[in-house]
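The values are calculated or read from the model by the stated rules, or taken from the named source; none is laboratory data. All of these numbers come straight from a predicted model, not from anything done at the bench. All Cβ positions, glycine included, derive from the backbone under ideal geometry; neighbour counts span all protein chains shown. These area figures cover heavy atoms from the full protein model, side chains too; ligands, DNA and RNA do not enter into them. Shrake-Rupley method; radii C 1.70, N 1.55, O 1.52, S 1.80 Å.
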Amino acid sequence: MTGRMPQEGINPAELPEAVAHIWGWFMRMNACRQIGMGGALPISYLEMLAFFQLEGHRPEGWELDAILRLDGIALGSPRDE
């Protein structure tokens with residue numbers, strides 16, 4: 001191991017256009033998430049509500065489910081709410 005990035009780098013998978021917006025929403029909420037004594041806290045429904053109201057979005061149920069699942073992955077624990 002050299003500790004350097006290989007020449008080919010890291011090529012992230014491109015998301016289908018139909019779901020790319022969910023990743024963008026999640027990344028913006030993730031950047032503003034609360035931090036508690038034990039580390040990062042789950043993104044709350046109130047935080048999501050505020051985000052969507054401020055941004056003028058009206059997400060569908062499946063989009064909220066996807067954000068919750070991404071949040072669980074980010075925190076290292078499943079989140080199926």
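Any residue at all in the stretch 11-27 that is at pLDDT 95 or above, among the acidic types (Asp, Glu) and open to solvent by 70 Å² or more (accessible area, probe 1.4 Å)?
Checked the stretch 11-27: no residue is at pLDDT 95 or above, among the acidic types (Asp, Glu) and open to solvent by 70 Å² or more (accessible area, probe 1.4 Å).
When only residues in the stretch 29-64 that are among the acidic types (Asp, Glu) and either modelled with pLDDT under 95 or surrounded by fewer than 15 Cβ atoms within 10 Å (Cβ to Cβ) (or both) count, which is farthest from Ala18 (Cα to Cα)?
Kept after step one, since they are among the acidic types (Asp, Glu), are these residues of the stretch 29-64: 47, 55, 60, 63.
Within this subset, residues satisfying the condition of being either modelled with pLDDT under 95 or surrounded by fewer than 15 Cβ atoms within 10 Å (Cβ to Cβ) (or both) are 55, 60.
Values: Glu55: 19, Glu60: 13 Å.
Looking at residues that are among the acidic types (Asp, Glu) and either modelled with pLDDT under 95 or surrounded by fewer than 15 Cβ atoms within 10 Å (Cβ to Cβ) (or both), I get Glu55.
Between a first residue in the stretch 39-50 that is in a strand (DSSP E or B) and a second residue that is open to solvent by 50 Å² or more (accessible area, probe 1.4 Å) and modelled with pLDDT of 95 or more, which pairs have beta carbons less than 7 Å apart while being 6 or more apart in sequence or on different chains?
none
Those residues that are in contact (Cβ under 8 Å) with a residue 40 or more places away in the chain and either assigned to a loop (DSSP other than H, G, I, E, B) or of a type in the set (Lys, Arg) (or both), I need them from the stretch 25-38; list them, please.
Of everything in the stretch 25-38, nothing turns out to be in contact (Cβ under 8 Å) with a residue 40 or more places away in the chain and either assigned to a loop (DSSP other than H, G, I, E, B) or of a type in the set (Lys, Arg) (or both).
Output the qualifying pairs, or none if there are none: Cβ atoms under 8 angstrom, residues six or more apart or on different chains, first residue in the stretch 58-74 and in contact (Cβ under 8 Å) with a residue 40 or more places away in the chain and small (Gly, Ala, Ser), second residue surrounded by fewer than 17 Cβ atoms within 10 Å (Cβ to Cβ) and not in a helix (DSSP H, G or I).
Ala74/Ala40
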